[in-house]
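See below for the structure under consideration.
The values are calculated or read from the model by the stated rules, or taken from the named source; none is laboratory data. Treat the numbers as computed from the prediction; the structure is a model and nothing was measured. We place every Cβ from the backbone using ideal geometry, glycine too, and count neighbours over all the protein chains shown.
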Amino acid sequence: MAPLGEDTPLIEQRSYSLSSSEAGSLQVLLCPRNPGSPQVLTFSFGEYSAEQLCVQAAKACGILPVYHALFALATEDLSCWFPPNHVFTVEDSTIQILLYRIRFVFPNWLGLEKCYRFGLQKDRANAILDFPVLEYLFAQNRSDFISGRMNLMLSLKEQGECLSLAVLDLTRMAQEQGLCPKEILRSISYKACIPGSFRRLIQSLSFMTRRRYRRMVSRALKRVASCQADVHSIMLKYLMDLERLKSIRASETFKGRTPGAASGQDPNCLIHVAGDSGISWTPGGSESPQPFCDFPEIADIGMKQACREGHLSENRLVTVTKTDNRILEVEFPTLREALSFISLVDGYYRLTTDAHHYFCKEVAPPQLLENIDNQCHGPITSEFAVNKLKLGGSVPGSYVLRQSPQDFDSFLLTVCIQTPLGPDYKGCLIHRDLSGNLFLCGLSQAHSSLRQLLESSRGCGLLVDGTALSLSSCCPPRPKEKSNLIIVRRDCTQLPPSPALTPAQAWPQPQRQLSQMMFHKIPADSLEWHENLGHGSFTKIYCGSRLDKVDGETHKVEVLLKVMDSTHQNCIESFLEAASIMSQVSHQHLVLLHGVCMAGDSIMVQEFVRWGALDTHLRKCGPLVPASWKLQVAKQLSYALNYLEDKGIIHGNISSKKVLLAREGAGGSPPFIKLSDPGVSPTVLTKEMLTDRIPWLAPECLWDAKLLSLESDKWSFGATLWEIFSGGTMPLSALEPAKKLQFYKEKQQLPALKWMELATLIGQCMEYTPHLRPSFRAIIRDLNSLITSDYELLSDLSPSAVAARDGLWSSAHLMAGQDPTLFEERHLKYISLLGKGNFGSVELCRYDPLGDNTGALVAVKQLQNSGPQQLRDFQREVQILKALHSDFIVKYRGVCYGPGRQSLRLVMEYLPNGCLRDYLQRHRAHLDPCFLLLYASQICKGMEYLGSQRYVHRDLANRNILVESESHVKIGDFGLAKLLPQDKEYYVVREPGQSPIFWYAPESLSDNIFSRESDVWSFGVVLYELYTYNDKAHSPSEEFFRMMACDRSMPILCHLLELLTEGRRLPAPPGCPGEVREIMRNCWAYNPKDRPSFCALGPRLDALWAGRTG
């Protein structure tokens, strides 16, 4: 074979004949890695799923099942990717060509600092890729680089980087072929290792310049070869350099349209999906992408055929719904593009959040469906299987069924056995032959399915290494279960996983509290009482009004007053606990709690929901309520419960009487419901009271109320779903207590509804084994399939039903055609005052454009005195917050202008727990000190991001940190923030104004100089505030005043600066760890250059937090 010339690419050019004389085939092209590796897999007549083809390609390339989820099939031009369940049909005289590629990528995934696979031990992170995947990634990216698939500008800098990559490539080939640098250059030209455009550019240069290039490459090749790095290290270096050269995020972009766009507004948009940040979108005419959500925040993805002028079209409307019920609707030109987008998001969700969930059947991997049906895990390792059995209590006979991490055709059975020395764990191999039959090692009989094999194995004795095994109970996959299949991204907020089983107990402990009692106390004189609305189980219910005075103006809000009956004194604590829970959550399908009035009786003050309880409405309207209306109500309820499940909050008292109707849904608009508070918990009720709640109460809670868990809410939802489709009636509730108990003892089920798919879903929710009940995400997915099913159309043909069904889609987001960040003032409904300062106030409002109390809760900031300068400063604050997108910075929702745009309001997300200063003061007694390090780490990450965007906060203090939950804080209030000039790393403030001087660095006090380093000084003061729990007696101002003693001969600012210049600092807070105190001292270095950066502080705080929690 002749040596490769300068113009000879290292990737062979392939041509495929499409003439009718050839037999039909399907060809899967593989990126070449090593000599002898197959480059083409050919499949003849028949049908093949994309997943089957990927498995065959993985086998050919040595890719293990653990890494199989990173790959997918695409068209030759990469214009479309196929979901795993796509079926290819090979017919006569047609050749189809596909590419087998790594589709799911994560930035910085070549090391362990940013991304890694989850491990049981925090200090043992596992790499995302193994060597075969690394080699394939190298071959894929190298192919894209050389073929010109990457768009490069070829500046002088990029030309040099391209040559560096060519040197690395040549070094790799020299090592693989056992050649020295001179020999490899004689056989392969360096130009064969660079893009064609660069190759042509070099060819146009003079002979002397080309010769200089060759000498440069030769010298560089000798230097690199002398380092004696192994092949995989060279590949890693190549990939990292190539990632920097691309200088763009690894993301896929889809073209679509925004449905319902207003006239004159560009309906076209771009949707971006990236492994590190989730989904973002660029509206027509805009340049910068707007973040929508990260993968763990997705609750639901739905797809339906789009309508144009009243007729169905080929376009597909895809709706992505977040856990907070915000939606993104995109219309794709074809079904194929829609499925390509959904399968991408679906795959990333499995890789980052839940390895055993899928959002819709249109893209569900066939093997995943089979695994779910057989209660089988994916290819988790043995340590996770054994750990799962240990967490389940190491019950003899319990087992975990899983795919083999090493072999696509095998399954593994990990079984717990009892030995004289205690529990032990044995493994059995299940192999699948070419015909699909399954064999359990030790048994000769073949079985056609895993379920059949396991059922037959229960009766016969299994022997493994001379030990008899007995199978009793299966431990199936659980929602959002952590394993080696999950990829952890350090810079992304991880939603809490579903509670795992503890070794000491087979069920999770109730987690009804986000923290200890916490709610807003409402004075009795601010309430007006109206008519009595009836009685609850433990309360008397009234409607009334709440009066709130702000700046001399009285606001009147209609409320519901729930008065705790004095005869149930033993339940008051549980009643207040329910109020505490409801005060800390915010979702449009959850009733808003204004607070609690403790004047005499305990009174829960809630928003007034107009149409009352759902069961009353259903009984009143009877057969006039269509099935489509009921499905919408069921789906809204499941959204609320999914939100609670994500937060680990158990409701514990779900029934149709707890579901309130905010909008009836007449005239084609959809109904709108809100789930009320849980009231008194089952954990404090007597057996007689618990029996009265059958069949809504989960069976395990009847026998032991302390077994109340997230799974209990799934049973209650199933009973409520049956109740909704039975017209609000529940005959079982009228039975005698003994008959109710018998119903549970005999494990009976409610009568099956005629709608088979719905009856199946109810049966899954009301499964007597709690861990077999589906997650609410899975319930939402199954409800979607009912909403779009033909059965619903055939069984419900009344005109009102058709209108309501259409309304589900067309009215889901009535404001879709308007700018979602522009709020109309008349639709902002005042609820309460959240805070007030010298310059402005923040109010809790509901943005309710439909006028029916269904709008979202938002925090609205407005100025007290809006002079021209104050208005300009406020507009700057709005622009700053609008530009920031971080999990640790309060989210911008939009703006609201007054008449003539003379006034401005900033609309932000509502965080019900208030500021960190007040939160620490309220919860000091029971707050785990480990959370202080977590807060510090999150504030540090937020400030690191702020600095990366060249902003200086200038007012970093605990009063400006907002608490989203017990484990998540966000930086707020950017009223003093400044953007650093492009040519300087500091900002000099010229305008006078009130300043938080006790948080300021010396250079800020003396010369008004503000920089990232001055923010680091303020961060040190924040650490001090954290560890004093914002005790007023030990606040920074009080401590410095003590240092000043009675000497007031000079202004406070000058005295403070003198103290700092002398080296005086805030004292160490009691109980503050020495490592944290050292960080404070570092932050308070007098010379700004001596202070650590937020980039350096982050890992130190993370390590401290990991050490304290580990």
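On the basis of being more than 19 Å from ARG223 (Cβ to Cβ), within 41 Å of the chain's Cα centre (by Cα) and assigned by the TED database to the domain that holds ARG212, does SER143 make the cut?
Working: more than 19 Å from ARG223 (Cβ to Cβ): yes; within 41 Å of the chain's Cα centre (by Cα): yes; assigned by the TED database to the domain that holds ARG212: yes.
Yes; evaluated as a whole, the condition is true for this residue.
Residue-by-condition table, conditions (1) in a loop (DSSP other than H, G, I, E, B); (2) buried (at least 16 other Cβ atoms within 10 Å of the Cβ); (3) among the polar types (S, T, N, Q); (4) modelled with pLDDT of 90 or more:
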residue	(1), (2), (3), (4)
PRO405	yes, yes, no, yes
PHE408	yes, yes, no, yes
TYR425	no, yes, no, yes
ILE430	no, yes, no, yes
SER435	yes, no, yes, no
GLN445	yes, no, yes, no
ARG451	no, no, no, no
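Condition first: charged (D, E, K, R), within 29 Å of the chain's Cα centre (by Cα) and assigned to a strand (DSSP E or B). Now tell me which residues in region 827-858 satisfy that.
Going through region 827-858, the residues charged (D, E, K, R) turn out to be 829, 836, 843, 846, 848, 852.
Checking which are within 29 Å of the chain's Cα centre (by Cα) leaves us with 843, 846, 848.
GLU843, ARG846, listed by residue number.
Look through TRP629, TRP611 and report the one residue that is part of a helix (DSSP H, G or I), over 29 Å from the mean Cα position of the chain (by Cα) and within 27 Å of GLY302 (Cβ to Cβ). If you could, list the steps in order and put the result at the bottom.
Values: TRP611 fails: part of a helix (DSSP H, G or I).
Unique residue meeting the criteria: TRP629.
Filter region 91-131 down to residues that are touching a strand residue (DSSP E or B) at 6+ places or on another chain (Cβ under 8 Å), part of a loop (DSSP other than H, G, I, E, B) and closer than 19 Å to GLU481 by Cβ, then give me how many there are.
4
Considering only residues of region 311-348 that are among the charged types (D, E, K, R) and more than 15 Å from the chain's Cα centre (by Cα), which is surrounded by the most Cβ atoms within 10 Å (Cβ to Cβ)?
So in region 311-348, the residues among the charged types (D, E, K, R) come out as 314, 316, 322, 324, 326, 329, 331, 336-337, 346.
Those still in the list that are more than 15 Å from the chain's Cα centre (by Cα) too: 314, 316, 329, 331, 336-337.
Details: GLU314: 11, ARG316: 23, GLU329: 19, GLU331: 20, ARG336: 17, GLU337: 20.
The qualifying residue surrounded by the most Cβ atoms within 10 Å (Cβ to Cβ) is ARG316.
Filter region 1040-1071 for residues that are among the basic types (Lys, Arg) and surrounded by fewer than 16 Cβ atoms within 10 Å (Cβ to Cβ); which is modelled with the lowest pLDDT?
Restricting attention to region 1040-1071, the residues satisfying the condition of being among the basic types (Lys, Arg) are 1042, 1048, 1064-1065.
Add one more test, that the residue is surrounded by fewer than 16 Cβ atoms within 10 Å (Cβ to Cβ), and what stays is 1042, 1048, 1064.
Working: ARG1042: 88, ARG1048: 62, ARG1064: 92.
Looking at the filtered set, the residue picked out is ARG1048.
Cβ-Cβ below 7 Å, separation at least six or inter-chain, first residue in region 729-745 and without any contact (Cβ under 8 Å) to a residue 60 or more places away in the chain, second among the polar types (S, T, N, Q): which pairs?
Sorted first by the residue in region 729-745, then by its partner, the pairs are PRO737/THR691; LYS740/THR691; LEU741/THR691.
What are the pairs with Cβ atoms under 9 angstrom where one residue, in region 405-433, is without any contact (Cβ under 8 Å) to a residue 24 or more places away in the chain and assigned by the TED database to the domain that holds LEU443 and the other, located anywhere, is assigned to a loop (DSSP other than H, G, I, E, B) and of a type in the set (Phe, Trp, Tyr)? Sequence gap at least six, or different chains.
From region 405-433, the pairs are ARG432/PHE408.
Let's see how each residue does on (1) touching a residue at least 12 places away in the same chain (Cβ under 8 Å); (2) in contact with an Asp or Glu (Cβ under 8 Å, 6 or more places away or on another chain); (3) not basic (Lys, Arg):
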| position | (1), (2), (3) |
| --- | --- |
| GLN569 | no, no, yes |
| SER574 | yes, no, yes |
| HIS587 | yes, yes, yes |
| LEU593 | yes, yes, yes |
| ASP601 | yes, no, yes |
| GLN606 | yes, yes, yes |
| GLY612 | yes, no, yes |
| HIS617 | yes, yes, yes |
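Which of the residues that make up region 1064-1110 are in contact (Cβ under 8 Å) with a residue 12 or more places away in the chain, under 21 Å from GLN949 (Cβ atoms) and of a type in the set (Gly, Ala, Ser)?
Hits for region 1064-1110 are SER1093, GLY1098.
Just one of ILE202, ILE184, ILE194 is closer than 13 Å to GLY160 by Cα and more than 46 Å from the chain's Cα centre (by Cα); which is it? Break it down into steps so the answer makes sense when it comes.
Numbers: ILE184 fails: closer than 13 Å to GLY160 by Cα; ILE194 fails: more than 46 Å from the chain's Cα centre (by Cα).
The match here is ILE202.
Could you look through region 611-627, keep only residues that are surrounded by 15 or more Cβ atoms within 10 Å (Cβ to Cβ) and among the aliphatic types (A, V, I, L, M), and pick out the one that is nearest to CYS543 (Cα to Cα)?
If we take residues in region 611-627 being surrounded by 15 or more Cβ atoms within 10 Å (Cβ to Cβ) and among the aliphatic types (A, V, I, L, M), then ALA613 is nearest to CYS543 (Cα to Cα).
Residues are listed down the side, and each one gets a yes or a no for (1) farther than 30 Å from GLY1098 by Cα; (2) modelled with pLDDT under 90:
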position: ILE102; (1), (2): yes, no
position: LEU110; (1), (2): no, yes
position: ARG117; (1), (2): no, no
position: ILE128; (1), (2): no, no
position: PRO132; (1), (2): yes, no
position: TYR136; (1), (2): yes, no
position: ALA139; (1), (2): yes, no
position: CYS162; (1), (2): yes, no
position: PRO181; (1), (2): yes, yes
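Just wondering, is there one or more residues in region 708-730 that are touching a Lys or Arg at 6+ places or on another chain (Cβ under 8 Å) and in a strand (DSSP E or B)?
Within region 708-730, not a single residue is touching a Lys or Arg at 6+ places or on another chain (Cβ under 8 Å) and in a strand (DSSP E or B).
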